[in-house]
1. Is it true that some residue in the range 95-105 is under 22 Å from residue 160 (Cβ atoms) and acidic (Asp, Glu)?
2. Could you list, in sequence order, the residues of the range 161-179 that are surrounded by fewer than 22 Cβ atoms within 10 Å (Cβ to Cβ) and either free of Cβ contacts under 8 Å to residues at least 60 places away in the same chain or not in a loop (DSSP other than H, G, I, E, B) (or both)?
3. Can you tell me which residue among 72, 60, 37 is farther than 23 Å from residue 122 by Cα and among the small types (Gly, Ala, Ser)?
4. Across the range 210-232, which residue is nearest to residue 41 (Cα to Cα) among those that are modelled with pLDDT of 90 or more and in contact with a strand residue (DSSP E or B) (Cβ under 7 Å, 6 or more places away or on another chain)?
Amino acid sequence: MTHPLASLRKSLACAYPAAASETIALGAPALDRRLSGGILRAALHEAYAETAADAPAATGFALALARRAMAGKNKPLLWARQEALTAESGAPYPPGLADIGLDPAAVAFIRVRDAREALQAGADAGRCAAVGATLIELFGDARAYDLTASRRLALAAAAAGAPIFIARVAASPAPSAAASRWLVRAIPSRPRAANAPGSAAFAIFLLRQRGAAGQERQEWRVEWNRDRGAFEDRTFDAPSLSGPVASLPVGGTPGEGAPPTAERRFG
């Protein structure tokens with residue numbers, strides 16, 4: 001019997017041949033070599049945070065990938081977020097978006113009650129050619145995000161030619177139609193002169209990449225270079241910092257800066 005994931009990959013490749021080849025380079029040479037050039041553009045990708053403490057790191061990593069995908073496109077980012085995440089890890093933080101290189105005014109943020117609404121909003125946005133990238137944040141082992149839901153998102157991304165990113169917090173990886181799956185943790189930023197904030201730094205584990213069976217769970221340490229709009233290979237261990245570190249796109253007091261309505265643009 002044909003495995004449903006194998007059948008899905010075949011249908012995507014036949015229906016959208018361009019989606020199988022165009023990639024987004026992450027910017028870090030060693031990592032891009034491992035990824036054979038980068039991640040697929042017209043595809044679904046997952047970033048996991050094992051605990052709520054690493055939620056800003058997983059979200060920041062996904063937003064940085066979106067920034068890479070949107071470079072030169074002059075299109076907005078649609079960010080759909082499950083409401084429970086605001087209480088767990090704070091509200092979206094516009095200066096953190098700017099620190100990644102995203103214009104807060106070009107981010108359409110939607111706060112929804114549950115995973116089902118987040119997935120529906122993300123799927124609707126993902127089908128729209130006017131959207132440069134889509135980010136969906138989910139909390140916990142959301143039952144609504146199953147193989148069927150991930151397939152729907154993968155098809156939407158392939159049809160529109162733009163990536164959809166899923167950031168999952170306090171969840172266990174499960175079979176899905178994602179082209180790549182990452183586990184993300186925060187690591188200390190590199191110290192700078194005058195105790196200035198360092199660049200956001202991540203420990204990322206490649207759990208799955210389509211077409212690369214047998215090479216899962218490889219770890220990479222990278223920093224985000226806002227000026228280049230790219231990741232850089234981290235080749236050293238930085239000491240822990242007692243001072244400020246780089247802003248991440250979420251944080252602060254829960255509810256602080258949160259949108260007063262279900263949808264708004266930052267700026």
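The values are calculated or read from the model by the stated rules, or taken from the named source; none is laboratory data. Please read these numbers as outputs of a predicted model, since none were measured by experiment. Quick reminder, even Gly has a Cβ in these numbers, built from the backbone with ideal geometry, and neighbours come from all protein chains shown.
1. Taking every residue of the range 95-105 in turn, at least one turns out to be under 22 Å from residue 160 (Cβ atoms) and acidic (Asp, Glu).
2. Result: 172, 174.
3. Values: 72 fails: farther than 23 Å from residue 122 by Cα; 60 fails: farther than 23 Å from residue 122 by Cα.
Going through 72, 60, 37 in turn, the sole match is 37.
4. 231
Residue-by-condition table, conditions (1) of a type in the set (Val, Ile, Thr); (2) within 18 Å of residue 210 (Cα to Cα):
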residue	(1), (2)
117	no, no
131	yes, no
138	no, no
171	no, no
176	no, yes
